[in-house]
Amino acid sequence: MANKTVDLSLLDGVLNEYAQVKGSLITILQNTQDIYGYLPKEAIELISEKTGIATSEIMGVGTFYTQFRFEPVGKYLIMLCQGTACHVNSSELILQTIKDELGIDDGQTTEDGLFSLKCVACLGCCSLSPVMMINEDTYGSLTPDKTKKILKDLREASK
Amino acid sequence: MINLTINGKAVQAPEGSTILEAARSAGIYIPTLCYDEAVEVYGACGLCVVEAEGIPKLLRSCSAKVSEGMVVNTESERVVQSRKVAMELLMSAHDGDCVAPCQLNCPARTDCQGYVGLIANGEYDAALKLIKNKIALPASIGRVCPHPCEKACRRKNVEEPINIAQLKAFAADMDLKSDSYIPEVKPSTGKKIAVIGGGPAGLTAAYYLTIMGHSVTVYDMMDKMGGMLRYGIPQYRLPKEVLDKEIAIIEKTGVKFINNVKLGVDFTIKSLKEENDAVIVAVGAWKSSSMRTEGEDLEGVYGGIDFLRGVIKGNAPEIGEKVAICGGGNTAMDACRTAVRLGAKEVYVVYRRTRNEMPADKLEIDEAEEEGVIYKFLTNPLSFNGENGKVKSVTLQIMELGEPDASGRRRPVPVEGKTEEIDVDSVILAIGQKLVTDDVQELELNERGNISADSDFFTTNIDGVFAIGDATNRGASIAIEAIGEADRCAKAVDAYLNGEKLDTRVPYISKRDESTIDYSDREKQSRLTPKVLPADVRNKNFDEVSLGFTEEEAQKEASRCLECGCREYYKCKLLNVAQRYDINPERFKGEMPQKYTHDENAFIERNTSKCILCGLCVRSCREVMNLSSIGLMGRGFKTDVSPAFSLPLDQTNCNNCGLCVQLCPTGSLTEKFNLKKQVPLDENYTEEFVEIDGKKSSVLVSRYNGKILRVIPNDEISRNSGLTREELQAKL
Amino acid sequence: MRIVIGQGSCGIAAGAEKVRKALLNTNLKNAEISITGCIGMCYLEPIVDIYDENNKLTRLVRVSENDAEAIASYVESGDEKLVEKLIVSDEDSEFLSKQTRIALRNCGVINPEKIDEYVNAGGYEALKKSLCDMTPEDVIEVIKTSGLAGRGGAGFPTWFKWNAARSSEGDEKYLICNADEGDPGAFMDRAVIESDPHNLIEGMLIGAYAIGAKHAVVYVRAEYPLAIKRLKNAIKQATEKGIIGENIFGSGFSCDFTIKAGAGAFVCGEETALIESLEGHRGMPRLKPPFPAQSGFWRKPSNINNVETFANVSWIIQNGGEAFAAMGTEGSKGTKVFAVTGKVKRSGLVEIPMGKTLKDVIFGIGGGMKTDKPFKAVQMGGPSGGCIPADLIDTVIDYKALGATGAIMGSGGMVVMDESTCMVGMAKFFLDFTAKESCGKCIHCRIGTKRMLEMLDRITKGEGKEGDIELLEELCYSIKDGALCGLGQTAPNPVLTTIKYFRNEYEAHIKDKKCPAGECSDLIEYKIIADKCKGCTLCARNCPVNAITGTVKNPHVINTEKCIKCGKCYTSCKFGAIVKE
């Protein structure tokens, strides 16, 4: 997947809007990631060219914030909340369940490219802890069984 | 102007200046590792903290401004504690060796990597001078030293250690061949020092104290100086001519020698103390240790060092044709090989463990065997049996190896009822040596019967009397141990003569965790040893066995050095600050943030495992040079300095201006030397000027022993000139 | 009839959107279906509020899409029996009735996506009053009288910051809202933005007027997409109405509004790091001085306040500083919002006047523990705060009183713990958080938090040694003293408070190699009580390493050598026959 050529023309809109607006680097990177699902090297080089910000600085910013990725992610990005309430309500069990079910660790993607797992900072849905987000959807009050079912349903849905 | 007080001193500073600037202008030191005038303040290291009255928080003096009437303390207990912990944390995450393990394992801290590297580069005189900073008798020591340095040498993890001892002998022999190096002697201090004992310890102390400008006299009971080097080491290992030459050099520096005088007979410590400002007792250990075995007092049973001394002085005792040597150390080897050379037909070495546990040098063990020595491993003398008062045979208890003991070696235990008897004409007991206590009655002895001397200050119970070497504390050891003590003692005595007390303990240095080092990328290259005389020739005479390295061999062997020590050791700001605080980073031992990796181009080498993230390189590259070739990547503990996409420097817009290297407070970024082998050296920096495109431009020039090692751009013109280091050097 | 569905993030996650769609699919004719934000009773989500013609409220809780038809029938017929099981209990109603809502006053009441509903609720009156009838100094004076202090955690007087920014020279100034709510276990700010975005905008515009800023910026966490969406919508509506932009209400005051989304860095909650991030850099804190009031965003005078702080402003302007100051204690005025979560029975958002006790919140409103295990401690202030033990439950909610315990008021996270939570594990949890979130700039935080984490990790694994507690304490005090910013300076608090109140638990880990709470897997063993085991074989089937043996209907046995302590048997046993020791 990573070898696919990156269509840089997709960035035109973002760069036209923000390249010359100072302080917009993070916004540009967020938009870039929305387009490609990650930050391709070619895109970073183009952003550097258009904004005049050195690639070392762009990468410095990109690697500082946890939101940014430099590798493509799976179709479903599982973001498991690591907040305090989730911790107190045994989110560790959910993490273990996901790892067991998918055979991947935090930060990895399944071989079929379907799921990526990322442990994230508190999602702010503490009353529903333990919580995870998959793409835009939030799932709360998780138990190991409920988690297995959610993953199973998504797998079915993608067939 | 603002008036404030720093450490009780009234200080004036312009309005708007920082506390750091005010302190510096008043000559008050505040440590910092991330501050430099060239770039904006950053505040990362937190070492510049100070306490100000009325302000509850510690202030970072690099950014806190002075105010009228401010009362600042830069060294309060709280400040020192904060810096101490900061340095401990920093060093716990700094993966690097300040100096090479060979140097650390040398009791005299000889800069092995330094002289080995210089030899590799063909700089023999520089190598010799470096050695002579620590060892006054290098040709002799190079021949006889059991070289703890080589035990620590990491090349052993690739194949075999560097032949450091022989390289030292090589450099020293080169020096002895022509005009030998005589160090510069400082102007006379008018202080007088007496040294009792002219062995390696006494001679070393005398040499260094003389160089410092003191007037030193060595008193010795034998007819010539050299102590055990002369009277305990056989000629075939250390020719007396070599020793004589080296002692002559010591004498040339101005040391006075008085021989054939004996402590307790011709003078006392007290009498010497009355005539001198200080006395150093270095009398050695001249009595062979007893085995407490039946029949030890029979005729034909000799002490090892007594036997060797007799041979050297030309009155060898009668040993007959069958000789048993008891012991497994180097004295046992000297004794058995000497016995062979005296014509004995059957020479046994009786040792209670096996070959693997023998403390003697492996080469010695092998060479002795080649010369015909017979090893009786796993045997221990039960009794020496005599006839008419003369020894006739030895009864040996057969041993086997049991559980490991405290030293980690397997303990020999007797095999019940199993013995063996061998016929002998003589027995030589080479199991150790002791101080002759009658000689030093004036001094306090410890429970082992040795002189009790402070291990850091070398002081004894008498003021102004110092003691070192085999006669002290734990007793007899190897020569280099005594030499190390002598060197440190010389510094302690010098301080004493100036009315000071000098702690000679080795200050903190950073060491890598040996278990984390990877050698897989090193090419194997076998160890060279000098050629030796054939066994059947050498066992019939006392000619020197080793023929020494040729130049070619020496350079080749020296080139194998892995260059463990840091090139920036001598100017490392990080180490400088670390050594100011009594730190123990072991408390916080844990994961290292970065892997030990290199990235290098023609001039610059990057090693992120040593990086302390002060950010000076990144900031100067951006703020001063406007290049941003490198940046901070990641965050938190794993933050790293690197070009984008982890590219090597050579694939970035880096123009090799060297500013980052110049500002790096440690060895994370270094500028290479104009040398084949990179050697950490105590360079001498000068600012010089060159003409670039008709403009005068500043460069920093580092020299060592007269040779230019590096030329570093030092202003905007030279940094932006695009000239290589060679081109800059050509303009000097 | 009006049907209003609570649609905060929590509600949606619990299924509120599915409920709404299901209701839209019914044959309801006489009812208008709309949404509101977070009602605050998160534990009862999804919640459906039904208002009759007289505006009488019937609240249905834990609604699922399958209840849609029943609800529709109820709305049509008015027969309560149809939804009897869904109607909120009197006990649960107390969760709201015992609160005093100022910052949250519109949350769960109005539709956050409609500016008219905000205006109808009296919105933007305070702004009009400020701009048209008051000088900036007057505004600052009212805020001073109110005693409003920074709700982000530090509790610094708001008027003082506004005044400093106002007095700073320069015609270009920035008013910034810190909505980078990073404390794990806190979601007050998210709820305010999702449920009442105009209240935030109004508070900020008043603040901007007070300090003389023409630019207002909100820095929101990227993890809050719904909040960003609703805030963007609100800005658009307010701009269309002329409330944002040039010459607002004809007063001559102009102010533009921008949203910047964070990108995942807790440290950006620190003022100077937030500014660095706003400028598009790595979020590494700057040295102070200079303070943002002198040199902040783009090196211009800037004022930064937290969401909840701004959410109080319009109320204060409307009701007067005295009314706000009438609530609370000597040193802490007004109300405070808490996100009460963890092992508490009723979790959600609680706004109460300062001066109430922790007990009032946890037991009075929260209903006590949801398990049968006793209350052990409450964690306040997230990674910068600390754990307050059960015997200090009567501590008054007041900046000073909470600070005296070693914890802090914080931004409002209140995580309730019972006896099953290991306090060393809790300290480790927070240190793991701060170590991951440390920006890496200063030594004390970058390496210090990592080393603390390693030590705590060793202790929870049974590898602790004598002297570790003292070493931890020494390191804690050094980090507090030496770290560059608030993140590092407060990072040791969770460790220090747990050592202070639960030292015996540390000692049990270190000396006896035991975890009293039974949480540290390296220090526990699972065992089957033979008398209780029915031989159902469920545990054996769930065991991933086949460590459990036994035959059907006979007691099973765990092979402790093989056991990897995953706890699957423990959670699967239906007879309580498996114990942790």
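As an exercise: evaluate residue C:574 against (1) surrounded by fewer than 15 Cβ atoms within 10 Å (Cβ to Cβ); (2) away from every other protein chain (no Cβ under 14 Å) and give the number of the one condition it does not meet.
All conditions pass for residue C:574, except number (2).
Filter the stretch A:74-99 for residues that are facing chain C (nearest Cβ under 10 Å) and part of a strand (DSSP E or B); which is farthest from residue C:520 (Cα to Cα)?
Here the answer is A:79.
Restricting attention to the stretch A:102-140, which residues are crowded, with 24+ Cβ neighbours inside 10 Å, among the small types (Gly, Ala, Ser) and assigned to a loop (DSSP other than H, G, I, E, B)?
Answer for the stretch A:102-140, where residues must be crowded, with 24+ Cβ neighbours inside 10 Å, among the small types (Gly, Ala, Ser) and assigned to a loop (DSSP other than H, G, I, E, B): A:124, A:129, A:140.
Filter the stretch C:472-490 down to the residues that are aliphatic (A, V, I, L, M) and assigned to a helix (DSSP H, G or I), then identify the one that is nearest to residue C:437 (Cα to Cα).
To start, the set of residues in the stretch C:472-490 that are aliphatic (A, V, I, L, M) comprises C:472, C:475, C:479, C:483-484, C:487.
Going one step further and asking which of them are assigned to a helix (DSSP H, G or I), we end up with C:472, C:475, C:479, C:487.
Details: C:472: 20, C:475: 18, C:479: 15, C:487: 9 Å.
Result: C:487.
Report yes if some residue within the stretch C:452-463 is in a helix (DSSP H, G or I) and touching a Ser or Thr at 6+ places or on another chain (Cβ under 7 Å); otherwise report no.
Scanning the stretch C:452-463 turns up no residue that is in a helix (DSSP H, G or I) and touching a Ser or Thr at 6+ places or on another chain (Cβ under 7 Å).
State all residues of the stretch B:215-265 that are touching a Gly at 6+ places or on another chain (Cβ under 6 Å), among the aliphatic types (A, V, I, L, M) and part of a loop (DSSP other than H, G, I, E, B); if no residue qualifies, say none.
B:225
Mind checking which residues of the stretch C:208-235 are within 11 Å of another protein chain (Cβ to nearest Cβ) and in a loop (DSSP other than H, G, I, E, B)?
Residues satisfying the conditions are C:221, C:222, C:223, C:224.
With C:81, C:85, C:29 as the choices, which residue is within 29 Å of residue A:129 (Cβ to Cβ), surrounded by fewer than 17 Cβ atoms within 10 Å (Cβ to Cβ) and not assigned by TED's automatic domain parsing to the domain that holds residue C:347?
Details: C:81 fails: within 29 Å of residue A:129 (Cβ to Cβ); C:29 fails: within 29 Å of residue A:129 (Cβ to Cβ).
None of the others qualify; the one that does is C:85.
List the number of the failed condition for residue B:555; all other conditions in (1) among the polar types (S, T, N, Q); (2) assigned to a loop (DSSP other than H, G, I, E, B); (3) closer than 25 Å to residue B:127 by Cα hold.
With (1) among the polar types (S, T, N, Q); (2) assigned to a loop (DSSP other than H, G, I, E, B); (3) closer than 25 Å to residue B:127 by Cα applied to residue B:555, the lone miss is (2).
Quick check on residue B:627: is it part of a loop (DSSP other than H, G, I, E, B) and facing chain A (nearest Cβ under 9 Å)? Please lay out each step first, then the result.
Values: part of a loop (DSSP other than H, G, I, E, B): yes; facing chain A (nearest Cβ under 9 Å): yes.
Spelling it out, residue B:627 is indeed part of a loop (DSSP other than H, G, I, E, B) and facing chain A (nearest Cβ under 9 Å).
Starting from residues that are aliphatic (A, V, I, L, M) and surrounded by 24 or more Cβ atoms within 10 Å (Cβ to Cβ), keep the ones in the stretch B:481-503 and report whichever is nearest to residue B:450 (Cα to Cα). Show your work before the answer.
Of the stretch B:481-503, the ones aliphatic (A, V, I, L, M) are B:482-483, B:486, B:490, B:492-493, B:495, B:497, B:502.
Next, only the ones that are surrounded by 24 or more Cβ atoms within 10 Å (Cβ to Cβ) stay: B:482-483, B:486, B:490, B:492-493.
On the way: B:482: 14, B:483: 18, B:486: 17, B:490: 21, B:492: 21, B:493: 21 Å.
Restricting to residues being aliphatic (A, V, I, L, M) and surrounded by 24 or more Cβ atoms within 10 Å (Cβ to Cβ), the top hit is B:482.
All but one of (1) assigned to a loop (DSSP other than H, G, I, E, B); (2) among the aromatic types (Phe, Trp, Tyr); (3) closer than 21 Å to residue B:721 by Cβ hold for residue B:689, so report the exception by its number.
Every listed condition holds for residue B:689 apart from (1).
Looking only at the stretch B:465-480, which residues are charged (D, E, K, R) and crowded, with 24+ Cβ neighbours inside 10 Å?
As a first pass, look at the stretch B:465-480 and keep what is charged (D, E, K, R): B:470, B:474.
Scanning the stretch B:465-480 gives a single hit, B:470.
Checking residue A:55 against (1) more than 13 Å from chain B (Cβ to nearest Cβ); (2) buried (at least 21 other Cβ atoms within 10 Å of the Cβ); (3) hydroxyl-bearing (Ser, Thr, Tyr): exactly one of these is not met. Which one?
Single failed check for residue A:55: (1).
So how many residues does the stretch C:422-436 have that are over 12 Å from residue C:384 (Cα atoms) and more than 7 Å from chain B (Cβ to nearest Cβ)? Lay out the reasoning, then the answer.
First, the residues of the stretch C:422-436 that are over 12 Å from residue C:384 (Cα atoms): C:422-426, C:428-429, C:432, C:435-436.
Remaining after also requiring more than 7 Å from chain B (Cβ to nearest Cβ): C:422-426, C:428-429, C:432.
The total comes to 8.
Can you confirm whether residue B:130 is surrounded by 24 or more Cβ atoms within 10 Å (Cβ to Cβ), within 14 Å of chain C (Cβ to nearest Cβ) and not acidic (Asp, Glu)?
no
Going by the conditions given, is residue C:223 over 22 Å from residue C:151 (Cα atoms) and of a type in the set (Asp, Glu)?
Values: over 22 Å from residue C:151 (Cα atoms): no; of a type in the set (Asp, Glu): yes.
Taking the combined requirement at face value, the residue does not satisfy it.
On the given criteria, is residue C:260 in contact (Cβ under 8 Å) with a residue 12 or more places away in the chain and assigned to a loop (DSSP other than H, G, I, E, B)? Explain how you work it out, then say what you get.
Working: in contact (Cβ under 8 Å) with a residue 12 or more places away in the chain: yes; assigned to a loop (DSSP other than H, G, I, E, B): no.
For residue C:260, the condition - in contact (Cβ under 8 Å) with a residue 12 or more places away in the chain and assigned to a loop (DSSP other than H, G, I, E, B) - is not met.
Give the stretch C:13-39 a look and list any residue that's at pLDDT below 90 and under 27 Å from residue C:352 (Cβ atoms), or say none.
Those that are at pLDDT below 90 and under 27 Å from residue C:352 (Cβ atoms): C:13, C:14.
Only one residue in A:154, A:102 is more than 12 Å from chain C (Cβ to nearest Cβ) and touching a helix residue (DSSP H, G or I) at 6+ places or on another chain (Cβ under 8 Å). Which one? Write out each step before concluding.
Working: A:154 fails: touching a helix residue (DSSP H, G or I) at 6+ places or on another chain (Cβ under 8 Å).
That would be A:102, the only listed residue that is more than 12 Å from chain C (Cβ to nearest Cβ) and touching a helix residue (DSSP H, G or I) at 6+ places or on another chain (Cβ under 8 Å).
Could you identify the single residue in C:538, C:496, C:471, C:484 that is away from chain B (no Cβ under 14 Å), hydrophobic (A, V, I, L, M, F, W, C) and either buried (at least 23 other Cβ atoms within 10 Å of the Cβ) or within 23 Å of residue B:89 (Cα to Cα) (or both)?
Numbers: C:538 fails: either buried (at least 23 other Cβ atoms within 10 Å of the Cβ) or within 23 Å of residue B:89 (Cα to Cα) (or both); C:471 fails: away from chain B (no Cβ under 14 Å); C:484 fails: away from chain B (no Cβ under 14 Å).
Answer to the selection: C:496.
Just checking, which of C:131, C:205, C:200 is part of a helix (DSSP H, G or I) and in contact with a Ser or Thr (Cβ under 7 Å, 6 or more places away or on another chain)?
Working: C:205 fails: in contact with a Ser or Thr (Cβ under 7 Å, 6 or more places away or on another chain); C:200 fails: in contact with a Ser or Thr (Cβ under 7 Å, 6 or more places away or on another chain).
The unique qualifying residue is C:131.
Does residue B:256 qualify as being over 30 Å from residue B:177 (Cα atoms) and more than 24 Å from the chain's Cα centre (by Cα)?
No; evaluated as a whole, the condition is false for this residue.
Right, residue B:653: farther than 21 Å from residue B:36 by Cβ, within 11 Å of another protein chain (Cβ to nearest Cβ) and either polar (S, T, N, Q) or not in a strand (DSSP E or B) (or both) or not? Full working, then the answer.
Numbers: farther than 21 Å from residue B:36 by Cβ: yes; within 11 Å of another protein chain (Cβ to nearest Cβ): yes; either polar (S, T, N, Q) or not in a strand (DSSP E or B) (or both): yes.
For residue B:653, the condition - farther than 21 Å from residue B:36 by Cβ, within 11 Å of another protein chain (Cβ to nearest Cβ) and either polar (S, T, N, Q) or not in a strand (DSSP E or B) (or both) - is met.
Let's see how each residue does on (1) within 14 Å of chain A (Cβ to nearest Cβ); (2) modelled with pLDDT under 95; (3) in a helix (DSSP H, G or I):
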position: C:138; (1), (2), (3): no, no, yes
position: C:144; (1), (2), (3): no, no, yes
position: C:155; (1), (2), (3): no, yes, no
position: C:159; (1), (2), (3): no, no, yes
position: C:169; (1), (2), (3): no, yes, no
position: C:177; (1), (2), (3): no, no, no
position: C:183; (1), (2), (3): yes, yes, no
position: C:186; (1), (2), (3): yes, yes, no
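Residue check: is residue B:245 of a type in the set (D, E, K, R), touching a Lys or Arg at 6+ places or on another chain (Cβ under 9 Å) and either under 30 Å from residue B:389 (Cα atoms) or surrounded by fewer than 20 Cβ atoms within 10 Å (Cβ to Cβ) (or both)? So that I can check it myself, show each step before the final result.
Details: of a type in the set (D, E, K, R): yes; touching a Lys or Arg at 6+ places or on another chain (Cβ under 9 Å): no; either under 30 Å from residue B:389 (Cα atoms) or surrounded by fewer than 20 Cβ atoms within 10 Å (Cβ to Cβ) (or both): yes.
Answer is no for this residue.
Here are C:328, C:366: which of them is within 29 Å of residue C:90 (Cβ to Cβ) and within 14 Å of another protein chain (Cβ to nearest Cβ)?
Working: C:328 fails: within 14 Å of another protein chain (Cβ to nearest Cβ).
It is C:366.
Take residues that are within 30 Å of residue B:163 (Cβ to Cβ) and tell me which of the strands (runs of 3 or more DSSP E) falling wholly in the stretch B:321-422 contain 3 or more. First the steps, then the outcome.
Working: elements: B:322-326, B:346-351, B:374-377, B:379-387, B:390-404.
Answer list for the stretch B:321-422: B:346-351, B:374-377.
Restricting attention to the stretch A:63-73, which residues are of a type outside the set (Phe, Trp, Tyr) and either in contact with a Cys (Cβ under 7 Å, 6 or more places away or on another chain) or within 9 Å of another protein chain (Cβ to nearest Cβ) (or both)? Don't jump to the end; show me each part of the working.
Filtering the stretch A:63-73 down to residues of a type outside the set (Phe, Trp, Tyr) leaves A:63, A:66-67, A:69, A:71-73.
The answer is A:63, A:66, A:67.
Looking at the stretch B:620-648, I want the residues that are on the phi > 0 side of the Ramachandran plot and have a partner that is of a type in the set (A, V, I, L, M, F, W, C) with Cβ atoms under 7 Å, at least 6 apart or on another chain. Which pairs are those?
So the pair list comes out as B:628/A:54; B:628/B:621; B:636/C:435; B:636/C:439; B:645/A:59.
The values are calculated or read from the model by the stated rules, or taken from the named source; none is laboratory data. These figures come from a predicted structure and were not determined experimentally. Heads up, the Cβs are rebuilt from the backbone with ideal geometry, glycines too, and the neighbour counts pull from every protein chain shown.
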